[in-house]
1. Using only the Cα atoms of the range 189-283, what are the Rg and Dmax in Å?
2. To the nearest 10 degrees, how steeply does helix 20-31 sit against the main Cα axis of the chain, on a 0 to 90 scale?
3. Springs between alpha-carbon atoms under 10 Å, Gaussian network over the chain: tell me which of SER287, SER240, SER231 tops the mean-square fluctuations.
4. Determine ³J(HN,Hα), in whole Hz, for all residues of the range 70-79 in sequence, where each value follows from phi through the Karplus function 6.51 cos²θ - 1.76 cosθ + 1.60 and θ = phi - 60°; x replaces Gly and Pro.
5. Sticking with the crude label model, points 7 Å out along Cα→Cβ, report the distance from ASP319 to HIS276 in nm, one decimal please.
6. Counting Lys +1, Arg +1, Asp -1, Glu -1, what net charge surrounds LYS147 among other residues with beta carbon under 10 Å of its beta carbon?
7. Please find, in a Gaussian network model of the chain (springs between Cα atoms separated by less than 10 Å), the residue of PRO298, PRO151, PRO325 whose mean-square fluctuation is greatest.
8. Under the rule that an exposed site lies in a DSSP loop and has at most 14 other Cβ atoms within 10 Å, name the longest stretch of the chain with no GluC sites (Glu not before Pro) of that kind, not counting the sites themselves.
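The numbers here are math on the coordinates, done by the rules we state, and not lab data. Quick caveat: nothing in here was measured; it's all calculated off a predicted structure. Here the Cβ is made from the backbone with ideal geometry for all residues, glycine too, and neighbour counts use every protein chain on show.
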Amino acid sequence: MAKTVTLNTPLDMHLHLRDASMLELVAPLTAQTFSGALVMPNLVPPVTTREDLIAYKQRIIKASKNDAFEPYMTLFFQQYSKAFLEEVQDEIIGIKLYPAGITTNSETGVSSIDSQTLRPTLEAMSDLGIPLCIHGETNGFVMDREKEFMPIYESLAKDFPKLKIIMEHITTKEAVDLLAKYENLYATITVQHLLITLDDVAGGMLKPHLFCKPIAKRYEDREALLQVALSANPKVMFGSDSAPHPKHKKESCGCAAGVFTAPIALQVLTELFDKHDCLENLNAFVSENALKIYDITPPKKEIVLEKKAFQVPENYSNDTEVVVPMYAGETIAWSLVSL
Ligand code: NCD
Ligand code: ZN
């Protein structure tokens, strides 16, 4: 009999679901295997009002076609008043801060990230217990952007010691090291950054479907990420950063940043933890740590996986959209037992 693994209440704490026909295509793929997901607000225009947030959540619930799936909503960071945050706090799990122009749909992000400028909003978030999720990259040399952002994380962590700060999709050893230094710093890690380096993206023929922000880094960075994920370190959570873009926007001159991993994430993570003999820590990484960090109680869901080859589809599509997943056409070692 094939080896099996049961995951309880899996969570994806960094997910892009988009809107309209793309949302219709991708939401069910996450909702069938995850109990909940933290949904990114970088729509065009970004989610910044209570009305938009509630309406978007309703569209997600409808598109998910799964009763045991909770979308945890975020607002796109801008300067918000405390009164507004009080009004909206029950509807959100956090606020996502993007440096202006650093990634897909972040043009209206923050151009100067310092405690002084952001104090009114960050103080209000801290008082109300609203976590701050950050895309931590400067606009320096692409391989150094995350490393260069470390002093910004440090000063925010020091200046707002009660504010929970989540370093999103970390890709470097420096970010891993910083986790241990501040009690209020946490991190999400994607599937792809545990598996690939820049060599896989650009070392041979260019692989547009592995291109994302932050770009995959060096072997020693991947090793540091692996160690902290495999060891069930309570400060890291799985956040896929699954970021679907239409096939023609990836396979084009001017490739959009984002790797689409939602339908294969749990299978690939299971394969990885199995390979390293750490399966007993997988549930901490994909669920328990996030439950504690965010203090949430998502709908219960049991997902069974078996060690049986699965051929990843070439693409996922509906009438209007075609999206190519990571490992399209390749065979991975673990499959979902029929849902
Ligand atoms: C994300 C997207 O496409 O929205 N892209 C990416 O490369 N990760 C945005 C983001 O999280 O940076
Ligand atoms: Zn993202």
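1. Just the Cα atoms of the range 189-283 yield Rg and Dmax of 13.8, 43 Å.
2. Result, in degrees: 70.
3. Fluctuation is largest for SER231.
4. Karplus-based 3J(HN,Hα) across the range 70-79 equals 10, x, 8, 8, 10, 9, 7, 4, 8, 6 Hz.
5. 4.4 nm
6. Net local charge, LYS147 excluded: -3.
7. PRO151
8. No qualifying site falls inside 1-106, the longest such stretch.
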